[in-house]
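A short worksheet on the structure shown next.
Every number here is computed from the coordinates shown, using simple stated rules; none is lab data. A quick note: this is a predicted structure, and the numbers were derived from the prediction, not measured. Virtual Cβ from ideal backbone geometry, glycine too; neighbours counted across all protein chains shown.
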Amino acid sequence: MTGRHHVIVGAGTAGFNAISTLAELEGQPLNVTLVSAELPYARMVLPYYLSSEIQRDNVFTISEDRLSSLGVELMLGRRAVGLDRSARGLLLDDGRSVSYDDLLIATGSSATRPPLRGIDGTHIFDHWTLANTDAIRPELQPGRHVVLIGGGFIAFTLVNPLLSTGVRLTVVEREAHILPRMLNAEGACIIEAWMRARGVEVITGAAVTHVEDGDTRKLVRLADGEVAPADLIIVATGIKPNIDWVKDSGLQVGQGLVVDEHLRTNDPAIYAAGDVAEVTDAHTGRRSVTAIETAAMEQGRVIAANMAGQNRVYAGAMPMNVIEAVDLQAASFGDWTGAEASEGEAANGHYRRYVWDGDRLSGAVIIGPARHLAGENDMGMLKGLVQERVPLGPWKQLLLARPFEVKKVFLATRHVARLLPRTVLDTPSQPLETVLTGAPT
Ligand SMILES: Cc1cc2nc3c(=O)[nH]c(=O)nc-3n(C[C@H](O)[C@H](O)[C@H](O)COP(=O)(O)OP(=O)(O)OC[C@H]3O[C@@H](n4cnc5c(N)ncnc54)[C@H](O)[C@@H]3O)c2cc1C
């Protein structure tokens with residue numbers, strides 16, 4: 001116990017993981033205040049609520065009662081609007097100030113829309129928050145036509161859930177191929193063909209110029225003169241970190257809030273995690289915002305350990321994305337754009353791209369039927385090889401000649417034994433229930 005008063009802004013993945021880690025390390029009652037515009041929930045499960053695979057209640061990560069029983073002082077439905085760093089005060093939208101010994105900024109990001117005529121009209125939605133999902137669900141009736149503007153990662157988290165409701169789907173992507181920040185052209189083309197063959201309209205290289213109200217439907221107008229009619233439109237064209245509220249505070253801002261290896265900003269009492277934090281990419285050494293769930297979770301845990309008086313360094317996140325579209329799965333890891341690459345393609349949507357750094361894999365793309373990838377666990381094995389930069393020695397030749405024999409190569413490197421004991425904070429994270437009851441794992 002440090003006796004320090006920790007203030008956490010944002011109850012998403014990073015904020016929640018910081019609190020559960022503080023509960024592990026500092027015991028209860030916690031000396032934590034949580035300020036958050038929304039209740040604690042995980043955005044990445046929203047697509048499952050959209051498709052009714054899970055109920056609304058299952059979206060939440062922890063209840064208010066449980067947080068209170070941990071000793072967390074709750075300020076939910078409140079927004080942070082500024083910082084008074086000299087007085088160590090967090091300024092709220094109701095005029096109050098909350099004083100802190102240390103502060104975690106975990107305010108995530110928000111969906112953005114391109115500045116197009118008609119883009120803010122009726123029946124046009126983002127899909128970033130629980131409120132967005134609540135608003136879209138009643139609109140999804142079988143046979144209605146949904147146009148997804150944007151064919152990137154977030155749009156693809158929605159493809160299967162939308163199709164499961166019986167709607168007709170059109171995906172419009174401005175770039176030459178879908179998933180331009182996740183897949184190379186060859187890989188993306190396999191998915192596009194797969195989706196088209198299964199009834200999904202995929203339009204690429206097509207910039208939306210504006211949206212109009214037709215007689216009965218919305219009309220999405222494209223630069224080449226084509227029109228995509230829609231009963232409803234979901235815009236998934238990008239996100240921006242929620243850091244406007246700290247812009248006058250003197251904290252260093254790049255793509256997000258700039259943090260050091262301990263995830264501290266240029267003010268040692270203030271940390272940043274998740275979609276707001278610009279960290280060093282362990283893989284490339286470049287600085288970037290890694291707006292993915294695992295990064296937010298790990299960063300929240302590392303910061304909590306530092307708040308609890310430990311001296312933890314964040315190892316960095318490997319860029320990684322996984323999507324599934326009509327039973328075809330695709331993933332890319334690490335530096336998948338690298339030029340020194342080998343490829344393999346086989347029937348039924350199977351594809352591999354390996355990016356080489358000598359005899360090590362520095363990046364990879366893997367595509368295949370979801371059933372197959374899950375059963376064979378090729379995806380997990382490839383991720384391990386890329387993440388750990390395992391030298392493959394003579395086994396590189398096997399992957400060059402037979403790109404689908406990942407398992408043989410993985411086992412030959414004896415990589416599992418080295419990976420298994422590895423954890424973010426040296427001990428496995430405890431389920432919150434175990435922390436609360438003191439029951440052994
Ligand atoms: C539909 C969808 C699917 C996704 N799927 C995946 C996936 O499959 N894999 C993956 O890795 N990632 C996925 N993501 C991304 C992932 O959810 C985010 O990277 C992750 O939520 C980031 O966590 P965070 O804690 O930084 O921010 P968030 O989880 O966004 O939490 C931010 C919190 O801050 C609060 N807040 C914001 N501004 C303020 C303010 N001024 N004052 C007080 N509170 C504020 C918000 O209300 C919220 O509670 C998905 C995202 C979405 C929307």
Item to complete: Neighbouring Cβ atoms within 10 Å as the yardstick, rank Phe16, Phe153, Phe410 fewest first.
Response: Phe153, Phe410, Phe16
Response to the item:
If amide H atoms are modeled at 1.01 Å from N in the peptide plane, then the residues at a separation of 5 or more from Gly82, or on another chain, having amide H under 5 Å from its own are Leu91
Response to the item:
Under 5 Å from the placed amide H of Thr112, counting only residues 5+ away or on other chains, we find Thr237, Gly238, Ile239, Lys240
Item to complete: Considering only Val35, Val259, Val98, give the residue with the highest GNM mean-square fluctuation for the chain, with springs between Cα atoms whenever their separation is below 10 Å.
Response: Val98
Worksheet item: Straight-line reach from Lys407: which lysines have a Cα under 22 Å away, not including same-chain ones fewer than 8 places off?
Response: Lys383, Lys396
Worksheet item: Can you give the net charge of the other residues whose Cβ lies under 15 Å from the Cβ of Leu162, counting K and R as +1 and D and E as -1?
Response: -3
Worksheet entry | For Leu257, distant residues with modelled amide H under 5 Å away | Ala277, Glu278
Discussion item. With a 10 Å cut-off between alpha carbons and a GNM built on the chain, which of Thr33, Thr265, Thr284 moves the most?
Written reply: Thr284
Item to complete: Let me have the 222 nm mean residue ellipticity of the chain computed from DSSP H runs of 4+ only, each contributing -39500 (n - 2.57), with the sum over all residues rounded to the nearest 500.
Response: -7500 deg cm²/dmol
Practice prompt. With springs only between Cα atoms under 10 Å apart, run a GNM on the chain and tell me which of Arg88, Arg402, Arg56 wobbles the most.
Written response: Arg402
